Structure formats: structure tokens, C-alpha cells
1. Pull out a ≥ b ≥ c, the square roots of the eigenvalues of the alpha-carbon gyration tensor of the range A:41-139, then state rounded if a/c is under 1.5, prolate if not and a/b is larger than b/c, and oblate in the remaining case.
2. Please list, or write none, the aspartates and glutamates whose alpha carbon is within less than 17 Å of the alpha carbon of B:LYS58, excluding same-chain residues fewer than 8 places away.
3. Note down the nm distance, to one decimal, between modelled labels 7 Å out along Cα→Cβ at A:MET1 and at A:GLU213.
4. Set the bar at 21 Å for Cα to Cα. Now go through A:LYS126/A:LYS193; A:LYS69/A:LYS165; A:LYS33/A:LYS78; A:LYS16/A:LYS126; A:LYS69/A:LYS94; A:LYS133/B:LYS50 and name every pair that lies beyond it.
5. With a Förster radius of 25 Å, plug the Cβ-Cβ distance of A:ARG154 and B:ARG28 into 1/(1 + (r/R0)^6) and report the FRET value to the nearest 0.05.
6. Could you tell me which of rounded, prolate or oblate describes the range B:12-87, using a ≥ b ≥ c as the square roots of the eigenvalues of the alpha-carbon gyration tensor, with rounded for a/c under 1.5 and, failing that, prolate when a/b is larger than b/c and oblate otherwise?
7. Hey, for a label at A:LYS78 modelled as a point 7 Å past Cα toward Cβ, could you say which residues of the range A:20-52 have their backbone N under 17 Å away?
8. Percent relative contact order of chain A, based on C-alpha pairs within less than 8 angstrom and at least six residues apart?
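Bear in mind that the values in this text are calculations on the coordinates, not laboratory data. As the structure is a computational prediction, the values presented were derived from the model and not from experiment. Positions of Cβ are generated from backbone atoms using ideal geometry, with glycine treated the same way; all protein chains shown enter the neighbour counts.
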Amino acid sequence: MAEVLVVTSGKGGVGKTTSTASLGVALAQSGQKVVIVDFDVGLRNLDLIMGAERRVVFDLINVVQGDAKLAQALIRDKRVDTLSLLAASQTRDKDALSEEGVERVIGELREKFDWVICDSPAGIEKGAALAMKYADRAVVVTNPEVSSVRDSDRIIGLLDSKTAKAERGERMEKQLLLTRYDPVRAERGDMLKTDDVLEILSIPLLGIIPDSEEVLKASNLGSPVTLSSPTSAPARAYFDAAKRLRGETVPMTVHSDKSGLLGRLFGRRVA
Amino acid sequence: MSLFGFLTRRSTAPVARDRLQILLSHERAFVGGNDLAATLQEEILRVIAKHIAIDRDKVKVNLDRGESFSTLEIDVEMPTDEEVRARA
Ligand SMILES: Nc1ncnc2c1ncn2[C@@H]1O[C@H](COP(=O)(O)OP(=O)(O)OP(=O)(O)O)[C@@H](O)[C@H]1O
Ligand SMILES: [Mg+2]
């Protein structure tokens with residue numbers, strides 16, 4: 001049975017696209033058939049993060065509008081053969097997407113894949129609303145910082161009221177992915193701690209992704225951290241999160257690239 | 001490898017710069033909408049991609065405007081059979 005997962009946040013720049021790509025790779029490497037779908041129409045980026053920017057010919061809008069078949073628009077990853085990408089349009093705007101069209105495309109994707117991961121645009125307007133509309137479950141990406149937590153709270157409210165699942169009276173499963181986490185600053189008391197964020201948002205924790213320069217390097221190369229640097233701290237954190245998505249129980253660890261005292265201090269279990 | 005190869009070997013920024021240069025030179029021309037070669041390239045690519053899975057850079061379109069006549073050069077590098085099968 002296919003799972004449609006939306007990666008959303010409200011606030012911009014918190015790590016939705018990075019997380020979509022990294023989790024997509026991790027799930028696909030475990031043998032699952034995965035498609036990652038870019039809903040950020042007009043400002044597409046998932047193709048760049050995946051290193052597929054030179055392969056995009058047709059996009060989500062072409063498929064929604066019937067100008068291309070789904071099979072023509074799906075870009076099969078050259079490194080992980082169970083992973084595909086459906087890019088957003090760079091030249092159109094989100095008004096070219098209709099609810100009916102998105103519902104139809106998501107329905108077609110459900111038949112071909114085990115996981116359909118939707119990379120939401122920032123904000124709470126039409127683009128974000130469409131990305132979450134037909135999802136079965138959500139990953140709420142949050143940075144440990146006041147405005148991000150507030151926006152996540154707003155998004156959680158929308159997930160519980162505006163999605164097709166919510167409208168049918170069903171419960172939307174939501175999990176928190178805390179990204180750009182800096183254990184040193186958290187310990188110093190200058191950053192919200194995991195427990196603080198969890199208490200405020202009261203949804204279960206999917207993972208803690210440390211702030212790491214490996215993420216920047218990965219985007220330069222067009223290869224998500226889980227592929228380009230699989231033993232790095234953020235990659236290990238994403239692999240753990242992907243296992244939890246599949247229902248496995250994995251101890252919650254703040255992974256660290258530092259091998260010295262700090263690494264030992266902060267690489268310990270936190271839950 | 002140069003003497004300082006060990007310093008530059010692992011840097012990723014040059015890769016990012018190259019990727020952006022290739023991508024943006026095309027996007028600017030096409031999104032601007034007034035570059036005939038870019039528009040032709042995009043539409044020709046779409047016609048081909050409807051039937052064959054092909055990478056963007058395998059379709060090259062060159063427009064040469066001369067005094068008395070202009071030429072439109074279209075160069076398509078066909079994927080191998082294996083590549084076609086892999087993407088089917
Ligand atoms: N764990 C991390 N460590 C360091 N940098 C990170 C991390 N996660 C994301 N970033 C950086 O943060 C920036 C924003 O990331 P990303 O594009 O994934 O966010 P987004 O939520 O998709 O943004 P938008 O709302 O614009 O779509 C990028 O420069 C990315 O490299
Ligand atoms: Mg994004």
C-alpha cells in the first residue's frame with residue numbers, strides 16, 4: 001500500500017527540500033519504490049538538490065494539465081534505481097495546478113510507488129495547501145527557533161483541518177523532524193531544546209538532524225547527504241528517520257561529526 | 001594533479017559553479033522568452049522526449065544568422081538501447 005507523505009513547515013528555508021531528497025534516497029536504498037515530487041512551482045529546487053536539473057523536460061504541471069504522460073515526466077535516478085523525481089515547473093505559476101489534477105496525479109503515483117514524498121513550498125497559501133491536500137501523513141520540518149515553531153504550529157492546524165483526510169474525518173499522522181540542530185548551542189541554553197519543541201507542538205519526533213556543513217557540500221554536488229556522504233552525521237540522522245518512517249524503532253540519537261569530547265558528549269542517546 | 005591538489009581536491013564549490021552556469025545560461029534565455037534558439041531548443045526537446053527518454057544536453061540547437069541566409073542546426077544524440085530500456 002502506497003504512503004503519500006508531505007514534507008511541510010510553513011516557514012521557508014528550514015530544510016524541507018533537503019529532507020525530502022535525503023529521506024527519499026534513504027527509503028529507496030532500503031528497496032522501497034519512491035517518488036519525490038516538487039510542489040514548489042515557479043521556484044523549483046528539488047531537481048538541483050538531486051543533480052537532475054539537466055534531465056527535466058516535463059514537469060508536474062505538464063502532467064496535471066495533460067500535456068505529458070506521467071511516464072514521460074518521471075525522472076529515474078541514475079544512482080538509486082528505485083528512486084524517481086517529478087519536477088516542478090520553473091516557468092509557470094501555482095495557479096496552473098488544480099485540485100482535481102493533483103488528485104489524479106497522486107492517484108496514478110500511488111499505483112506505481114510505495115512512497116510518494118511531496119516537497120511543499122513555504123507558506124500556507126495555495127501551493128502548500130495542494131502539497132498536503134491528498135497526503136496520508138506529514139513530516140513537519142522545524143528549526144529550533146521561535147518563528148519556525150510558531151509556523152509549524154500553524155501548519156499542524158491546517159493538516160488537521162484542510163486535508164482530504166481531515167475532511168473525511170480521519171486522523172492525519174504527523175511527525176516532527178527537527179533540523180539544523182546544534183547540540184552545543186542547545187546545551188548552552190541559546191537554542192530551544194528538543195523537549196521544549198516537542199512539548200509545545202505535541203507531535204511525535206521523527207528525528208533530529210544536526211546542523212552540518214555536509215549538507216551544503218551535498219547541494220553543491222547535486223547529491224543528497226545520504227548518497228554523497230552516507231556516514232556523515234546528518235546522513236545517519238536521515239537514515240534513522242527513514243527507518244522510523246517504515247515503523248522501525250530506532251533509539252533517538254543526536255549524531256555528531258565530531259569525534260572528540262564534544263562528539264562523545266552529544267552523540268549520546270537523548271530518548 | 002597540481003601541487004596543491006590535495007587542498008582543492010575535496011572542494012565542492014567549483015562543481016556548484018559549473019552546474020549553475022550551464023543551467024542558468026539556458027534558463028535565462030528561455031524564461032526571457034525572446035531567444036529564438038532557446039525556445040526552439042525547448043520545443044524540439046519536448047517533441048523528442050514524448051517518444052524517447054533523453055537528457056536535455058543531448059539536444060543541441062544552434063541558430064546562425066547570416067547576411068543572405070540563416071541556418072538552424074539541430075544535433076540530437078540518441079540514447080543507447082540500454083539507456084532507453086533503463087528508463088522505460
Ligand atoms: N542540517 C542542515 N545543516 C546545515 N544546513 C542545512 C541543513 N538543512 C538545510 N540546510 C540548508 O538550509 C538551506 C535551506 O534548506 P532547504 O532548501 O532544504 O529548505 P526549504 O525548507 O526547502 O526551503 P524553501 O522553504 O525555500 O523551499 C539550504 O541552504 C540548506 O543547505
Ligand atoms: Mg524547498
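1. rounded
2. Partners found: A:GLU53, B:GLU27, B:GLU42, B:GLU43, B:GLU73, B:ASP75, B:GLU77, B:ASP81, B:GLU82, B:GLU83.
3. Computed distance between label sites A:MET1 and A:GLU213 equals 4.6 nm.
4. Details: A:LYS126/A:LYS193 32 Å; A:LYS69/A:LYS165 27 Å; A:LYS33/A:LYS78 14 Å; A:LYS16/A:LYS126 17 Å; A:LYS69/A:LYS94 19 Å; A:LYS133/B:LYS50 29 Å.
Correct reply: A:LYS126/A:LYS193; A:LYS69/A:LYS165; A:LYS133/B:LYS50.
5. Working: r = 36 Å, r/R0 = 1.43.
For R0 = 25 Å, the calculated efficiency reads 0.10.
6. It comes out oblate by the Cα gyration axes.
7. Residues A:47-52 qualify, since their backbone N sits under 17 Å from the label point.
8. Working: 564 pairs, mean separation 62.0, N = 271.
Value for chain A: 23 percent.
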